[in-house]
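A.B. asks: Handing you a structure now.
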């Protein structure tokens, strides 16, 4: 939908008056909407009305304009020029949360970090793709961020671990019932942990491994049984680590790669075999990294891209081949980034969005990876809101929902965005 497609009432600027002041520049509200009605984007309007310097502060003005439009009750979809479209305003803009696609097609966001007190939140909300809107649901029993989550075979969502505002690691876990919208505590993990991942295994159990546990890096791994509601330990990692990622391979084994261990960033990679409950070392990454992305490709290989290494955002990418157990370099992102998201598209390519740049700013740029040629390409256009540590979920219709994240001084992005992937 664009501005000209809105109704006459929605498009009317005749009743709008007043202005807001930015950098000692008076910007008439009515002029903004008149420019939008003529087809200009907010960035174009800002550059035209205020001057070239607005190219630097344009994204912040976009956010101000977005909130103004919401305040006037106007549809904000016309502000989303480029590859993304409006995905609804979050009830509580948040970062460091979890997201799960529910069986009915809704998306559940839980916990995270807010822009204001109480900072770490126990709130949860869900996205309805039919209405393109967000609705608050029951609160978690424990406010948490840097936690992990997984959707269970029974349709309930499991949230485990994380940290409190005082950076205390959490041992508890909770279950969300989509039918009632209520969270209930379930069994505690064997150790408290944060900065870890959770993965649903084919046998219906949930695997968690590693993390930060009361001031130390842990190698402990454990399994959650949704039938009994209890946790049991399984084989420990060979390398303790935080911020490693878990990927289920076609063989049924689980790959964990990278992260930070007690000696710093690691290249260590391991495979978990659910049939034996043990971890074995496999080929090492060519470059140590954490806060990277780890994506299972259509051919069963695994793509790792970007991340951080010794305080520097990196652009390198690597491919893991389960048949050989080896990693090979596979080009470089056009923009070094960490804390971004990556999604496998229907045509077999991988879309990378947002993240933290080399200069420690939030990114809005998009790139894609061609798994056949091994080449990266910077896409035209970008996200409407620069963001990092966002969640990206593939909806039942194949569209991508990008929600939450941080943006430094600009604050947590207030709206989610939708991207319609190209079809093969």
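A.B. asks: Considering only the range 123-139, I want to know if a residue exists there that is closer than 18 Å to residue 194 by Cα and either surrounded by fewer than 22 Cβ atoms within 10 Å (Cβ to Cβ) or at pLDDT below 95 (or both). Before the answer, list the steps.
C.D. replies: Within the range 123-139, the first condition is being closer than 18 Å to residue 194 by Cα, and the residues that meet it are none.
For the range 123-139, residues closer than 18 Å to residue 194 by Cα and either surrounded by fewer than 22 Cβ atoms within 10 Å (Cβ to Cβ) or at pLDDT below 95 (or both): absent.
A.B. asks: Can you find a residue in the range 163-176 that is in the same structural domain as residue 280 (by TED's automatic domain parsing), buried (at least 23 other Cβ atoms within 10 Å of the Cβ) and closer than 26 Å to residue 304 by Cα?
C.D. replies: No, the range 163-176 has no match at all.
A.B. asks: For the range 312-322, name all the residues that are assigned to a loop (DSSP other than H, G, I, E, B) and over 15 Å from residue 269 (Cα atoms).
C.D. replies: Quick first cut of the range 312-322, residues assigned to a loop (DSSP other than H, G, I, E, B) only: 314-315, 322.
Within the range 312-322, 314, 315 qualify.
A.B. asks: Please go through the range 382-398 and give me each residue that is under 26 Å from residue 151 (Cβ atoms) and either surrounded by 19 or more Cβ atoms within 10 Å (Cβ to Cβ) or free of Cβ contacts under 8 Å to residues at least 24 places away in the same chain (or both), ordered by number. Steps first, please.
C.D. replies: Just the residues of the range 382-398 that are under 26 Å from residue 151 (Cβ atoms), to begin with: 383, 387-398.
Within the range 382-398, 383, 387, 388, 389, 390, 391, 392, 393 qualify.
A.B. asks: Limited to the range 147-167, what total is found for residues that are over 20 Å from residue 200 (Cβ atoms) and in contact (Cβ under 8 Å) with a residue 40 or more places away in the chain?
C.D. replies: First pass over the range 147-167, keeping only residues over 20 Å from residue 200 (Cβ atoms): 163-167.
Among the residues that remain, those that are also in contact (Cβ under 8 Å) with a residue 40 or more places away in the chain are: 163-165.
The total comes to 3.
A.B. asks: Which residue, of 155, 204, is under 22 Å from the mean Cα position of the chain (by Cα), closer than 21 Å to residue 101 by Cα, at pLDDT 95 or above and surrounded by fewer than 18 Cβ atoms within 10 Å (Cβ to Cβ)? Steps first, answer last, please.
C.D. replies: Values: 204 fails: under 22 Å from the mean Cα position of the chain (by Cα).
Criteria check complete, one pass: 155.
A.B. asks: May I pose another question? Filter the range 325-362 for residues that are under 13 Å from the mean Cα position of the chain (by Cα) and assigned to a loop (DSSP other than H, G, I, E, B); which is surrounded by the most Cβ atoms within 10 Å (Cβ to Cβ)?
C.D. replies: Among those that are under 13 Å from the mean Cα position of the chain (by Cα) and assigned to a loop (DSSP other than H, G, I, E, B), it is 355.
Listed here are the residues, each with its yes/no results for (1) in the same structural domain as residue 148 (by TED's automatic domain parsing); (2) under 20 Å from residue 287 (Cα atoms); (3) touching a helix residue (DSSP H, G or I) at 6+ places or on another chain (Cβ under 8 Å); (4) at pLDDT 95 or above.
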{"residue": "340", "(1), (2), (3), (4)": "yes, yes, no, yes"}
{"residue": "347", "(1), (2), (3), (4)": "yes, no, no, no"}
{"residue": "390", "(1), (2), (3), (4)": "yes, no, no, yes"}
{"residue": "402", "(1), (2), (3), (4)": "yes, no, no, yes"}
{"residue": "407", "(1), (2), (3), (4)": "yes, no, no, yes"}
{"residue": "411", "(1), (2), (3), (4)": "yes, no, yes, no"}
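A.B. asks: In the range 98-203, which strands (runs of 3 or more DSSP E) lie fully inside it and hold 3 or more residues that are out of contact with any helix residue (DSSP H, G or I) (no Cβ under 7 Å at 6 or more places or on another chain) and under 24 Å from residue 259 (Cα atoms)? Spell out how you get there, then give the answer.
C.D. replies: On the way: elements: 98-101, 107-110, 124-128, 133-137, 148-151, 157-160, 173-177, 182-186, 197-200.
Answer list for the range 98-203: 98-101, 148-151, 157-160, 197-200.
A.B. asks: Out of the residues in the range 222-242 that are buried (at least 22 other Cβ atoms within 10 Å of the Cβ) and under 15 Å from residue 172 (Cα atoms), which is nearest to the chain's Cα centre (by Cα)?
C.D. replies: Taking the candidates together, the pick is 224.
A.B. asks: Let me ask something else. Determine which member of the set 319, 314 is in the same structural domain as residue 245 (by TED's automatic domain parsing) and closer than 13 Å to residue 247 by Cβ.
C.D. replies: Details: 314 fails: closer than 13 Å to residue 247 by Cβ.
On inspection, the qualifying residue turns out to be 319.
A.B. asks: Still on this model: Which ones in the range 244-259 are in a loop (DSSP other than H, G, I, E, B) and buried (at least 23 other Cβ atoms within 10 Å of the Cβ)?
C.D. replies: The initial filter retains those residues of the range 244-259 that are in a loop (DSSP other than H, G, I, E, B), namely 244, 249-253, 258-259.
Scanning the range 244-259 gives 244, 258, 259.
The values are calculated or read from the model by the stated rules, or taken from the named source; none is laboratory data. These figures come from a predicted structure and were not determined experimentally. Positions of Cβ are backbone-derived with ideal geometry, glycine not excepted, and every protein chain shown enters the neighbour counts.
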